[in-house]
Every structure is written in structure tokens, then in C-alpha cells.
1. Would you mind stating whether E600 is at pLDDT below 90, at negative phi, in a loop (DSSP other than H, G, I, E, B) and open to solvent by 10 Å² or more (accessible area, probe 1.4 Å)?
2. State whether the residues of the range 260-271 include one that is open to solvent by less than 30 Å² (accessible area, probe 1.4 Å), closer than 30 Å to V306 by Cα, modelled with pLDDT under 80 and hydroxyl-bearing (S, T, Y).
3. The conditions are (1) open to solvent by less than 70 Å² (accessible area, probe 1.4 Å); (2) under 20 Å from G524 (Cα atoms), and Y620 fails exactly one of them. Which is it?
4. Name the residues in the range 140-184 that are at pLDDT below 90, open to solvent by 20 Å² or more (accessible area, probe 1.4 Å), hydrophobic (A, V, I, L, M, F, W, C) and touching a helix residue (DSSP H, G or I) at 6+ places or on another chain (Cβ under 7 Å), would you?
5. How many residues are among the polar types (S, T, N, Q), farther than 23 Å from S168 by Cβ and open to solvent by 50 Å² or more (accessible area, probe 1.4 Å) when one looks only at the range 211-255?
6. Mind counting the residues in the range 59-71 that are of a type outside the set (A, V, I, L, M, F, W, C) and buried (at least 19 other Cβ atoms within 10 Å of the Cβ)?
7. Might you let me know whether the range 485-499 holds any residue that is in a helix (DSSP H, G or I), at pLDDT 90 or above and open to solvent by 60 Å² or more (accessible area, probe 1.4 Å)?
8. Being closer than 22 Å to Y353 by Cα, outside any helix (DSSP H, G or I) and under 29 Å from the mean Cα position of the chain (by Cα) is the filter here; which residues of the range 410-445 pass it?
Amino acid sequence: MQAEQIEIAGFLSQYPPFSHLPQDTINNLAQTVEVAYYREGDQILRFGDPIHDLFVIRTGVVEVYRRNGELYNRLTEGEVFGQMGLLVKNQVRFPATAVQDCLIYCIPEQYFEQLYTEFEEFADFVAIEDSARMRNAVAEQANPNDMTTSKVKNLLHSEAVIANRNISIRHAAELMDENNVSYLLLEDPELQLDEDSDDGRIVGIITDSDFRSRVLAVGLDYQTEVGEVMTTGLSALDHNAYVYEAMLMMLRNNTQHLPIVRKQRPIGVVSIADILHYESQSSLLLVQSIFRAQNREELAQLVPQVQDCFVRMVNEDANSHMIGSAMSVIGRSFKQRLLELAEELLGEPPVPYCFVALGSMARDEQLIVTDQDNALILDDAYQSDLHQGYFEQLAEFVCDGLNECGYAHCSGGIMASNPEWRMTLAQWEECFSNWIDNPDPKALLNCSIFFDLDGVWGRVDWAEQLKSFIARRARRNNRFLASIARNALNRTPPLGFFKDFVMEKDGKHNNSINLKRRGSAPLGDVIRVHALAIGSRAQNSFERLDEVIEAGILPKGRGQDLRDSLEFISMVRIRHQAIDIESGNEPDNNIEPETLSDFERRHLKDAFQILSNAQNFLKYRYHSNRSGESL
């Protein structure tokens, strides 16, 4: 190597992800590197532009932005950027600008791909392990909810614990123990305050750490006034500040506890542990944990984190599409890890296969209350006498594992463990053809479940092939569309003649409304009929609706009404489930109208009325007399 290349190799070997690579690999890599120079203010990457290099900062500082212009990261010597663009369609996902004069090493795409393929730690670093996680990262890109948008008040779990600064050290310790806190805010009741001042009398804080270093370590008398060992000159943060502001203030002041105030009065204290716990609820980290689990038992231990993640997104005001997408990615990740474990246990599959998710997971609309709907597509070379045993064991391993992870067995048996739903690709196409050509009640019931499908493992292109087959076949069959439209009228909204709510009368959930069965599900049915009529291959209800609106088959404004209705009903349902979880109750889909605000009750009736109108339009547009008419 030339002297310059030796210098590059020496530099790269100091920083991850290159520091984990063999020296020979780094030496070879150094010979492929091209050097670029950018002046301060130069835009290095623009959103959407093609990208074919991984960038490594040799000198200078680069700022990376989100698509909306918000600062995402600030990088300096030895750090890399551009990897997400290389992993996602070779298009820049995060624009980058030089904020100082920069010398950049550019690693060509082909060498990046080679490193990504050959070295696990390199792949972990740049992509967080696999495609499912990358999908989640892309979803996260569209989701602005992180430490920069979440308020610090969401981290408070209890009211501030305050005591007189004149109490003894022993008494202070007793108060901390009684309240199960690691701090005590101390006030001076004799402090003179201005009449117009909102400032409180808090003058200091004592923590567990102070007890170790200032009391036990020096053998201080326990009857000493706690005010003599407290920390003074406290900094505090308003309750409407953001989580990242709290973290920065704690780092700046080198403190583990930060009082949170409203109108200058303390309402609680945030600790470093609270922030670390908050970050552990990230959906990205949860998916990371799923793929690190070594067996079904470790996967099952992650169930509480799924609920924490769900509640966090609700508290951050994520919309239903964001929450549904994130929970679906988490569900797919459980499936994918279970299938990896199953193949490790059973060996390589005898013929290729595709594990398929059905229903809400396939639509990216999964919430916290869900069962499992899945199936297997097998290679046409499948032979029952030779291969049945393997796929039976694989399906049972995965379905039982999902049940242990909170995805209950399907009561209707729509699972890959059911031999009926393990078919070859050719058999599936024949099955869908029969359902479409002979739409009897059982076929229509199956259509409402199986027409929402998504490949999660193996030959996922087969799932895409089936979706394309269904779209082509259903679109040109008006008799089928009329039948499935009638089927979509079976679940009516819970509104009486005078527009009052009609309650469930099934005993367990008496005097409640099932928002899934009477709201979001029939809305999804209506949207699916229109999507099939235009040959849409989209799966998510909102994305299907976009294509339906674009096709112009709905009266003006009805498409947006359907969107608003679906979003409102979904969010009432989501918030209800989050409240159940936070209250320690088992979450469900049943709401009691008296627990809703006047605003929610009024708009829920509006949403149900939109659903009723949409069902009436289905009767008009797809009735059987229109068979043969172009739709």
C-alpha cells in the first residue's frame, strides 16, 4: 500500500464499525476509499438524491437532518453517515450538511455491501440487524415522536416528596424509605417570600448518593440536621420542557435528580433512571431485544415491554397509523425470530416456504389486543408424505411461541398449525379463485380474513404474487364485488333510530360498545371493497383509501370523511386500551360511553354516522343489478 492508504487504514481501524474488521479487510478497504472535501455550509446529501457511497468523517463536523428539516444528529471525526440511504433504495433518507470544513472518506457501495454481507457486527452497526428492523427504522423516520417531542412531565410517576430542612438525617432517611424515593426535596419554612412571588421555599435536595458520601462515609451523627448535608443551588425544569432538555440539564450539572416545577412549584423529580427506562420503551430497542432473544422463554419475557411501548406512543400523541405500523413491526419481529429459532431446531426446510401474516398485522393496523392469524405458502414441489412432518412441527413451534408472547391462538383456527392453511402456491391460487368465483357465505368470511396478507419470512415474494393475483381476479368479477359488499353490511354501527348509542348485551361487556367489531372493522370492510374494485394491492386501510380517493369512485368529500372517521374511532379505541394498561386492567375493545367526554361522545356518533352512510353507498354502487357494468 501507498503511504496515504496506510494512513487511511490506520484511521479506519480506530472507529466502529471498522474497528471490528480484520486488518487485511481494512487494508483492502483503504485502497478503495476516495477522498472528498466540503467547505463549511456545503450540502453533502440532499433528501431523495441517489446515493452510492458510505461517508466517513476524517476531519470536520457534519449535521444530519430529518426529512422535515429537524436536526437529527451532529457527527464528527470517525463517524459515518449515508448508510440508511444505501440500505433503502439507494436514496438519501437523512440530508447532511458540513458545518465546518470537512475531509470525507467515501467507501463505494459495492464494498459497503460486501462488508454488510460478510461481517455481522458491521451489519448490526449500520442496520440494526435485519430488514424488519430497518422497516421499523423507516417508520420511525416518519414518526417525529422521540426525546425531542415528548414532554418531561410524562416521566413523573409520583408527587414531589418535600420535607423541612431542619429534620434529622435519620428522619430524612425514614421519609425516603416510606415514600420509596431516592431523594428528598428540602424547604425552609422560615424563608421570607415576596407576596407576588411564585417561588417556593425549596432550598436543597438530599439523595441516596449524598447519604453514602456525606453521612456514612464520614461517620456523621444521624441526629445532624439534614440541611447541613443537602445540595443547594438547585436547578429545576418546567413541566412543559422536553425530555432531551432534562437530559442535557442533568449532564451539564452532573446531577442524577432534577426537580420538575409548575409555576415555580415542584411537582415531581426526574432521575437518570427514569430517562433510561423511558428510552428502553423505544419500539426500535424492543425489536432489537426480540432479535437477541435466544429462546421462546426470553421472547415471552419481553411482553411487558410491548405494552410499555404501546402506552409510550399513545402518550406521545402518535396517530393510529404510526401506532398500528409500529405494533405490526414488533409482531412481525416476534414471528421472524420464532421462525429463525424453529429452523435452528429443525434444520433447513426441505422445500422453500413463505410464512404469511393475515388480518390486522398484514394491514399494519395491529394494536395491543390481538390474536394470531397466519398461514403457510409451500413450494409447489411440496410432497405431503415427505415434508408434512417438518412444516407441522415448524408451525406448531411458531404458533405456540406467539401464544406465549401475547398473541393468542386464533379461536377460529386461522393458523399455520392448522393443516387446512398450509398449501402450495398453486393450491392457494386455486383456493382464492374458488372463493372469488363462488362467493358463498363461508368463502366471503374467508375473504375478509385472507385478503389482507403479508409475507413475513421466507419467499415473501410469493405473498406479493398472491396479492397481485387477488387484485386482478377480484377487480373484474362484479358478482363477487356485489357479494363482498353485501357481506360488509353485516356489522352495522351502534347507532339507534334517534342517533343514540346501541349497547352490547352479551353479559361480560354489558352496556358497552365494541369499537373494533362495530367501528374500525366494518370501516375496514367498506374500504377493502372499494380497494378490490379498483384493483389496489395496498394493504393498510389508509393507503387503500388514498388509492380509492385517487380513483374517483367516491362522492366528493366522502373519502376524507372515511379517513377522519377511521382515525377518530381508532384513537378512542387506542387511548382506551392505554388507560386500561396504565390502570393495571386487562385491555379490551369495549368502551363505556359514560366514561367519554362530551366531545368524544359527540364525535363518535358523527363517526358512526359516516360509517352508516358509507355502507348505504356500498348498497348503491355494488348491488347485483350492476353485474357486468364497469365499476
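1. No: the conditions fail for E600.
2. No, the range 260-271 contains no residue that is open to solvent by less than 30 Å² (accessible area, probe 1.4 Å), closer than 30 Å to V306 by Cα, modelled with pLDDT under 80 and hydroxyl-bearing (S, T, Y).
3. (1)
4. The answer is M147, and nothing else.
5. Residues that pass the stated criteria total 3.
6. Count: 1.
7. yes
8. Scanning the range 410-445 gives C410, G413, I414, M415, A416, S417.
The values are calculated or read from the model by the stated rules, or taken from the named source; none is laboratory data. Computed from a prediction, not measured in an experiment: that's the story for all the values here. Because the Cβ atoms are built from the backbone with ideal geometry, glycine has one as well, and the counts that use them run over all protein chains shown. The accessibility values were calculated without ligands, DNA or RNA, using every heavy atom of the protein model including side chains. Shrake-Rupley method; radii C 1.70, N 1.55, O 1.52, S 1.80 Å.
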